[in-house]
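Working notes, structure below.
The values are calculated or read from the model by the stated rules, or taken from the named source; none is laboratory data. The shown structure was predicted, so the numbers you read here are calculated from the model rather than taken from an experiment. Neighbour counts are summed over all protein chains in view; Cβ atoms, including those assigned to glycine, are modelled from backbone coordinates with ideal geometry. These accessible areas exclude ligands, DNA and RNA; they are computed on the full protein's heavy atoms, side chains included. Shrake-Rupley method; radii C 1.70, N 1.55, O 1.52, S 1.80 Å.
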Amino acid sequence: MAALRRTLHVASLAAGARRPLSGSLAGSCLADCCLWDKLHAQPRQGSVRTFDWFFGYEEAQGLLLPLLRKAGAACPPRVLDVGCGTSTLCTGLYTKCPHPVDVLGVDFSPVAVAHMNSLLEGGQGQTPLCPGHPASRLHFMQADAQNLEPVASSGSFQLVLDKGTWDAVARGGLPGAYQLLSECLRVLSPQGTLIQFSDEDPDVRLPCLEQESKGWTVTVQELGPFRGITYFAYLVQGSD
């Protein structure tokens, strides 16, 4: 959580710019939708239209692309980003992945979802996003990651991404984080992969995932350092 706490005070924009957040966000309840609405409504500097906790698509693509190639039996493979905010994970996959991919980003903040749909469709005089492959698709929907029933059926995604969402939810207690994990695994296909991106130490995260992911294989990979911080990718995978 160290990096998350730091980014709550000084947020890293995708283009590398940094800005202070108003108010005491670090001491706030991160399960409060109004808090995130306020954050996502803040003006963005220059041409930067996305906002990333930890890191963005460029840093994650080396891990994501091989998994998508492996999931090629489902054409296109479906990817779910839970708590997507205004991150570059979804847009990066859509615009830069050379393979066809069907991406859905969900967030409980209507402000974040409206912003990403505007970015996708070319609102406010911007150019619409172009897919990296003609068969790729991208959608954004408002949904609570702890209750994905309205937007996702069981076993319907080959890849589920969680970049900092567990970290935020766990600030309100582990039961909420376990419910988030349960929903991610419910919508994941039996041969799929859930990735949690975090800076939380494996000694803390791995026991939680292993306890609540019976029947799945849990591993961890080190990422970075990025801007001096080492991150971890926690992979929860089904059988091949």
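Return the only residue of 182, 189 being out of contact with any Leu (no Cβ under 7 Å at 6 or more places or on another chain), among the small types (Gly, Ala, Ser) and in a strand (DSSP E or B).
On inspection, the qualifying residue turns out to be 189.
What number of residues within the stretch 97-118 are over 20 Å from residue 133 (Cα atoms) and of a type in the set (A, V, I, L, M, F, W, C)?
Counting residues in the stretch 97-118 that are over 20 Å from residue 133 (Cα atoms) and of a type in the set (A, V, I, L, M, F, W, C) gives 6.
Out of everything in the stretch 113-147 that is part of a helix (DSSP H, G or I) and not polar (S, T, N, Q), what residue ends up being surrounded by the fewest Cβ atoms within 10 Å (Cβ to Cβ)?
Ranking the candidates gives 121 first.
Which of the residues belonging to the stretch 195-239 are part of a strand (DSSP E or B) and at positive phi?
Hit for the stretch 195-239 is 224, nothing else.
If we scan the stretch 198-216, do we find a residue that is closer than 19 Å to residue 70 by Cβ and in contact (Cβ under 8 Å) with a residue 60 or more places away in the chain?
No, that holds for no residue.
Return yes or no: is residue 157 modelled with pLDDT of 95 or more, over 13 Å from the mean Cα position of the chain (by Cα) and closer than 18 Å to residue 83 by Cα?
yes
Is one or more of the residues making up the stretch 44-55 at pLDDT 65 or above, assigned to a helix (DSSP H, G or I) and surrounded by fewer than 21 Cβ atoms within 10 Å (Cβ to Cβ)?
Within the stretch 44-55 (the criterion being at pLDDT 65 or above, assigned to a helix (DSSP H, G or I) and surrounded by fewer than 21 Cβ atoms within 10 Å (Cβ to Cβ)), the answer is no, since none of the residues qualifies.
Which residues, taken from the stretch 89-112, are open to solvent by 10 Å² or more (accessible area, probe 1.4 Å), in a helix (DSSP H, G or I) and modelled with pLDDT under 95?
Matches in the stretch 89-112: 110, 111.
Give the residues of the stretch 165-196 that are within 11 Å of the chain's Cα centre (by Cα) and surrounded by fewer than 24 Cβ atoms within 10 Å (Cβ to Cβ), sorted by residue number.
The one that is within 11 Å of the chain's Cα centre (by Cα) and surrounded by fewer than 24 Cβ atoms within 10 Å (Cβ to Cβ): 195.
State all residues of the stretch 56-88 that are assigned to a helix (DSSP H, G or I), in contact (Cβ under 8 Å) with a residue 40 or more places away in the chain and either in contact with a Lys or Arg (Cβ under 9 Å, 6 or more places away or on another chain) or within 16 Å of residue 138 (Cβ to Cβ) (or both); if no residue qualifies, say none.
60, 64, 68, 88
Report yes if some residue within the stretch 102-109 is over 28 Å from residue 190 (Cβ atoms) and in contact with a helix residue (DSSP H, G or I) (Cβ under 7 Å, 6 or more places away or on another chain); otherwise report no.
Scanning the stretch 102-109, I find at least one residue that is over 28 Å from residue 190 (Cβ atoms) and in contact with a helix residue (DSSP H, G or I) (Cβ under 7 Å, 6 or more places away or on another chain), so the answer is yes.
Can you pull out every residue in the stretch 206-217 that is open to solvent by 30 Å² or more (accessible area, probe 1.4 Å) and under 18 Å from residue 161 (Cα atoms)?
Within the stretch 206-217, 206, 210, 212, 216, 217 meet the criteria.
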